[in-house]
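**Q** Following this message is one structure expressed as structure tokens.
The values are calculated or read from the model by the stated rules, or taken from the named source; none is laboratory data. Everything numeric in this text was worked out from a predicted model, so none of it was measured. Note that each Cβ is placed from the backbone with ideal geometry, even for glycine, and that neighbours are counted across all protein chains shown. Surface areas here come from the heavy atoms of the whole protein model, side chains and all, with no ligands, DNA or RNA. Shrake-Rupley method; radii C 1.70, N 1.55, O 1.52, S 1.80 Å.
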Amino acid sequence: MSDNFRIDVDTAVRLIAEHMPSYPAESIPLDCSHGTILRQQVVAERDQPPFNRVTMDGIALRSAALAAGTRSFHVIGTQGAGVAALPVKDNGNCVEIMTGAMLPGDADTVVPVERIVTEGDHVTLEPGYQPTPGQFIHRRGSDLTAGHPLLEPGTLIGVPEIAALAIAGSATVKVAKWPKIAVVSTGDELIDVGKPVELFQIRSSNDRVIAAALEKRGCKTATRAHLPDDPDALRDAISDMHDRDDILVLSGGVSMGKYDYIPQIMDELGMRLVFHKILQRPGLPMWFGVSAQDKPVFALPGNPVSSLVCLERYVLPAIRTALGATLPERQTVQLADAIHFEPDLTCFKPVQLDTNADGELHAILKETNTSGDFVSLAGTDGFVELSRGQDNFAAGEPVPFYQW
Ligand code: AMP
Ligand code: MG
């Protein structure tokens with residue numbers, strides 16, 4: 001493939017999607033399911049609420065008694081939540097009842113405790129108080145009926161979804177099983193935290209950032225490794241990782257430098273090149289291929305901003321789709337300031353979101369010094385995408401936004 005063969009952003013997204021496998025599902029306990037992607041439909045186990053639920057502490061009685069002018073009642077028992085309903089039996093009776101209790105089948109109205117006067121086992125309604133028949137009852141099935149769909153496959157299980165699963169009685173949940181992902185930084189200059197660093201060396205951040213971004217999306221099992229710019233070491237280690245893992249995410253070594261060995265090593269390992277280079281800034285030299293076993297290999301440019309943007313724009317959405325996730329609608333935000341960008345490339349710019357004077361969400365550019373300037377990214381919310389083929393972007397123009 002010619003070195004000048006560069007594809008646009010949408011083509012890169014499409015080609016990656018075409019080469020991603022779909023990953024299997026697994027059943028896990030409800031308690032472990034937060035942050036996972038649902039792979040089953042969840043329906044209501046029962047009507048919700050499952051019975052006529054009392055919504056105030058007070059007494060349950062028959063409205064027919066009220067209609068007949070009865071204002072004092074004999075308390076025939078006390079009923080809390082979680083027990084079978086006590087019958088009222090007679091128009092002159094009531095049951096002392098608590099919030100959450102099941103309304104007795106032969107009662108139809110609840111009078112709050114604040115509206116009654118109790119004397120021994122008799123209660124009298126507050127003078128002048130006229131209860132509305134049927135009041136303070138959350139009717140059976142008024143939220144939803146048994147069998148009603150609660151959650152669809154592809155849903156990300158967040159906090160409210162846990163409630164839906166619990167209400168549905170799901171002790172176990174069928175969710176996407178994360179593939180094994182190897183995160184690999186490459187470069188002789190890179191030194192991990194906790195180790196002494198020479199003037200001419202660089203702290204490695206990409207591997208940690210990629211692992212953190214994966215973890216944020218629910219992947220708790222990614223492994224990290226660092227490899228030198230040495231063809232033999234790269235070949236052996238990448239081959240081993242390919243045997244062990246399902247997805248490789250590398251950073252560094254994909255440009256035109258003498259020590260940028262990754263494309264060559266991938267070729268030697270029999271990886272099929274899908275594309276190398278995207279018409280974008282930052283991140284132009286991104287490489288993507290698949291192995292003979294159809295395992296995807298993403299080789300991101302080493303510059304920290306490039307690497308993170310490529311991860312968020314391509315790698316994470318592709319993996320999430322392969323896991324069966326329904327991706328949220330692409331968010332759009334307005335540019336806070338006008339931008340001029342001349343090169344014939346899609347431009348990604350880190351931004352901070354804020355609300356303008358009209359209360360609308362807008363994106364304030366956070367210029368990075370270079371695509372290696374990771375420090376400026378602290379405090380940003382994500383990046384905007386400025387499409388190729390347009391040089392001028394006006395303040396207020398809506399543009400796609402990707403959250404870190
Ligand atoms: P490369 O793509 O290997 O040419 O790297 C481009 C630039 O990104 C170089 O200045 C590298 O030192 C830097 N870089 C590469 N990998 C990392 C990393 N894991 N963490 C921080 N900087 C990196
Ligand atoms: Mg390098």
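**Q** For the stretch 182-209, which residues satisfy the criterion of being farther than 17 Å from Leu316 by Cβ and in a strand (DSSP E or B)? First the steps, then the outcome.
**A** Our first condition is that a residue be farther than 17 Å from Leu316 by Cβ; within the stretch 182-209, this holds for 185-205.
Passing the criteria: Ser185, Thr186, Leu190, Ile191, Ile202, Arg203.
**Q** Would you pick out the residues in the stretch 234-260 that are within 32 Å of the chain's Cα centre (by Cα) and assigned to a loop (DSSP other than H, G, I, E, B)?
**A** Asp245, Asp246, Gly252, Gly253, Val254
**Q** Another question about this same structure. Quickly run through the stretch 169-215 and pick out the residues that are more than 19 Å from Leu248 (Cβ to Cβ), in contact (Cβ under 8 Å) with a residue 60 or more places away in the chain and open to solvent by 80 Å² or more (accessible area, probe 1.4 Å).
**A** Thr172, Lys174, Asp188
**Q** While we're looking at this one, here's another question. Looking only at residues that are in contact (Cβ under 8 Å) with a residue 60 or more places away in the chain and charged (D, E, K, R) in the stretch 312-369, which one is surrounded by the most Cβ atoms within 10 Å (Cβ to Cβ)? Spell out how you get there, then give the answer.
**A** First, pick out the residues of the stretch 312-369 that are in contact (Cβ under 8 Å) with a residue 60 or more places away in the chain: 312-326, 330-335, 343-348, 368.
Next, from what is left, pick out any that are charged (D, E, K, R): 312-313, 320, 330, 344.
On the way: Glu312: 18, Arg313: 23, Arg320: 20, Arg330: 10, Asp344: 11.
The selected residue is Arg313.
**Q** Which members of the stretch 264-303 meet the condition of being away from ligand 2 (no atom under 15 Å from the Cβ), surrounded by fewer than 17 Cβ atoms within 10 Å (Cβ to Cβ) and either of a type outside the set (A, V, I, L, M, F, W, C) or modelled with pLDDT under 95 (or both)?
**A** Asp267, Glu268, Gly270, Arg272, Gln293, Asp294
**Q** Could you tell me whether Thr78 is more than 29 Å from Ser170 (Cα to Cα) and assigned to a loop (DSSP other than H, G, I, E, B)? Steps first, answer last, please.
**A** Numbers: more than 29 Å from Ser170 (Cα to Cα): yes; assigned to a loop (DSSP other than H, G, I, E, B): no.
It is false that Thr78 is more than 29 Å from Ser170 (Cα to Cα) and assigned to a loop (DSSP other than H, G, I, E, B).
**Q** Out of the residues in the stretch 184-215 that are closer than 26 Å to Thr155 by Cα and touching a strand residue (DSSP E or B) at 6+ places or on another chain (Cβ under 8 Å), which is nearest to ligand 1 (Cβ to nearest atom)?
**A** Going residue by residue through the stretch 184-215, those that are closer than 26 Å to Thr155 by Cα are 209-215.
From what is left, the residues that are touching a strand residue (DSSP E or B) at 6+ places or on another chain (Cβ under 8 Å) are 210-211, 214.
Details: Ile210: 9, Ala211: 11, Leu214: 15 Å.
If we take residues in the stretch 184-215 being closer than 26 Å to Thr155 by Cα and touching a strand residue (DSSP E or B) at 6+ places or on another chain (Cβ under 8 Å), then Ile210 is nearest to ligand 1 (Cβ to nearest atom).
**Q** Determine whether Glu342 is more than 16 Å from ligand 2 (Cβ to nearest atom) and touching a strand residue (DSSP E or B) at 6+ places or on another chain (Cβ under 8 Å).
**A** no
**Q** Kindly list the number of the only condition in (1) within 16 Å of ligand 1 (Cβ to nearest atom); (2) of a type outside the set (Ser, Thr, Tyr); (3) in contact with a Leu (Cβ under 6 Å, 6 or more places away or on another chain) that fails for Asp381.
**A** (1) is the only condition that Asp381 fails.
**Q** Residues being more than 49 Å from the chain's Cα centre (by Cα), under 16 Å from Gly105 (Cα atoms) and either part of a strand (DSSP E or B) or at pLDDT below 95 (or both): count how many of those fall in the stretch 58-74. Walk me through how you get there before you give the answer.
**A** Step one: list which residues in the stretch 58-74 are more than 49 Å from the chain's Cα centre (by Cα), which gives 64-74.
Next, from what is left, pick out any that are under 16 Å from Gly105 (Cα atoms): 64-65.
Now drop any that are not either part of a strand (DSSP E or B) or at pLDDT below 95 (or both), which leaves none.
Total satisfying the criteria: 0.
**Q** For the stretch 164-176, check the following and say yes or no: at least one residue is within 24 Å of Arg244 (Cα to Cα) and either more than 15 Å from ligand 1 (Cβ to nearest atom) or in a strand (DSSP E or B) (or both).
**A** Step one: filter the stretch 164-176 for residues within 24 Å of Arg244 (Cα to Cα), giving 175-176.
Now narrow it down to the ones that are either more than 15 Å from ligand 1 (Cβ to nearest atom) or in a strand (DSSP E or B) (or both): 175-176.
Yes, because at least one residue in the stretch 164-176 is within 24 Å of Arg244 (Cα to Cα) and either more than 15 Å from ligand 1 (Cβ to nearest atom) or in a strand (DSSP E or B) (or both).
Yes or no, residue by residue, for (1) out of contact with any helix residue (DSSP H, G or I) (no Cβ under 8 Å at 6 or more places or on another chain); (2) within 13 Å of ligand 2 (Cβ to nearest atom):
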position	(1), (2)
Val209	no, no
Glu215	yes, no
His226	no, yes
Asp232	yes, no
Asp240	yes, no
Val249	no, no
Ser255	yes, yes
Ile262	no, yes
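**Q** How about the stretch 172-206: which of its residues are within 16 Å of ligand 2 (Cβ to nearest atom) and of a type in the set (Lys, Arg)?
**A** Arg203 - this is the single residue of the stretch 172-206 that is within 16 Å of ligand 2 (Cβ to nearest atom) and of a type in the set (Lys, Arg).
**Q** Of the conditions (1) touching a helix residue (DSSP H, G or I) at 6+ places or on another chain (Cβ under 6 Å); (2) open to solvent by less than 60 Å² (accessible area, probe 1.4 Å), Gly80 clears all except one; give me its number.
**A** Condition not satisfied by Gly80: (1).
**Q** Something else now. Just checking, does the stretch 116-135 include any residue being in contact with a Gly (Cβ under 9 Å, 6 or more places away or on another chain), within 30 Å of Asp260 (Cα to Cα) and either more than 14 Å from ligand 1 (Cβ to nearest atom) or open to solvent by 30 Å² or more (accessible area, probe 1.4 Å) (or both)?
**A** Among the residues of the stretch 116-135, not one is in contact with a Gly (Cβ under 9 Å, 6 or more places away or on another chain), within 30 Å of Asp260 (Cα to Cα) and either more than 14 Å from ligand 1 (Cβ to nearest atom) or open to solvent by 30 Å² or more (accessible area, probe 1.4 Å) (or both), which makes the answer no.
**Q** Residues that are under 21 Å from Leu66 (Cα atoms): list the strands (runs of 3 or more DSSP E) wholly contained in the stretch 112-160 that include at least 1 such residues. Step through it out loud before you land on a result.
**A** On the way: elements: 116-119, 122-125, 149-151.
Result: 116-119, 122-125.
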